[in-house]
Amino acid sequence: MQYIKNDVKTILEKIKEVYSLKTDTDLSKKLGVTKSFMSRLRAGERSFSPTKMREVEALLYAKQIITCSYLEGGFEPSALDTTSVSPEMRKRIIEVVKGKCQLCISDAPFKDSSGTPYLIVKPLQEYEMSTSSKLTALCPNCSARVIILKNPKDISLLKSFVHL
Ligand SMILES: [Zn+2]
């Protein structure tokens, strides 16, 4: 077995290599995607759908190759992750809100390995909707909702919480 990085460019080059494909046109045919999709994929403008990704992984697996992102060690911090809040502060805030999301007032979807309810704790300014440094504790759904919808009502609701 060979392990490779779970990175689109690495994956595409590997498939070309192990299936002896000379051009991106051959590669597109092999993967059942259009050539323009392939260009966008290479440019980082598109990604494989989960179904297509499984097909791609199966193609590699057939040649005894496994794509493994976790072998690289550590994940890139995503837009949803806490960026500037210390672990201690995060824990304290989650205690203050009793493990409940401040927008939907639901319990955190799960607890982490230390038993702390999983909520995303960030200052409002990190949602780029406000200059307020007031901290928010949100479930992953609501955090994504704030980022995607940029709804001023959500932000003013969050600002109204006085205890954080
Ligand atoms: Zn929520």
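Quick check on Lys122: is it at pLDDT 80 or above, surrounded by 11 or more Cβ atoms within 10 Å (Cβ to Cβ) and more than 19 Å from the chain's Cα centre (by Cα)? No.
Cβ-Cβ distances below 8 Å connect the following pairs, each with a first residue in segment 1-17 that is without any contact (Cβ under 8 Å) to a residue 40 or more places away in the chain and within 15 Å of Gln64 (Cα to Cα), a second residue that is aliphatic (A, V, I, L, M) and part of a helix (DSSP H, G or I), and a separation of six or more residues or different chains: Lys16/Leu27.
The set of residues from segment 5-49 being hydrophobic (A, V, I, L, M, F, W, C) and within 20 Å of the chain's Cα centre (by Cα) comprises Val8, Ile11, Leu41, Ala43, Phe48. Residue under question is Ala43, and the condition is that it be over 17 Å from Lys9 (Cβ atoms) and either among the aliphatic types (A, V, I, L, M) or open to solvent by 80 Å² or more (accessible area, probe 1.4 Å) (or both); does it hold? Taking the combined requirement at face value, the residue does not satisfy it. I want to confirm something. Restricting to segment 99-129 and keeping residues that are among the hydroxyl-bearing types (Ser, Thr, Tyr) and in contact (Cβ under 8 Å) with a residue 24 or more places away in the chain, which single residue is farthest from the ligand (Cβ to nearest atom)? That would be Thr116.
When we screen Ala137, Ala144 for residues that are open to solvent by less than 80 Å² (accessible area, probe 1.4 Å) and part of a strand (DSSP E or B), the only hit is Ala137. What tally of residues in segment 130-164 results from selecting those that are away from the ligand (no atom under 14 Å from the Cβ) and over 14 Å from Lys91 (Cα atoms)? Matching residues across segment 130-164 total 14.
The values are calculated or read from the model by the stated rules, or taken from the named source; none is laboratory data. Keep in mind the model is a prediction, meaning the values are calculated, not measured. FYI the Cβ positions are ideal-geometry reconstructions off the backbone, even for glycines, and counts take in every protein chain you see. Protein only, heavy atoms only, side chains kept; ligands, DNA and RNA dropped before computing areas. Shrake-Rupley method; radii C 1.70, N 1.55, O 1.52, S 1.80 Å.
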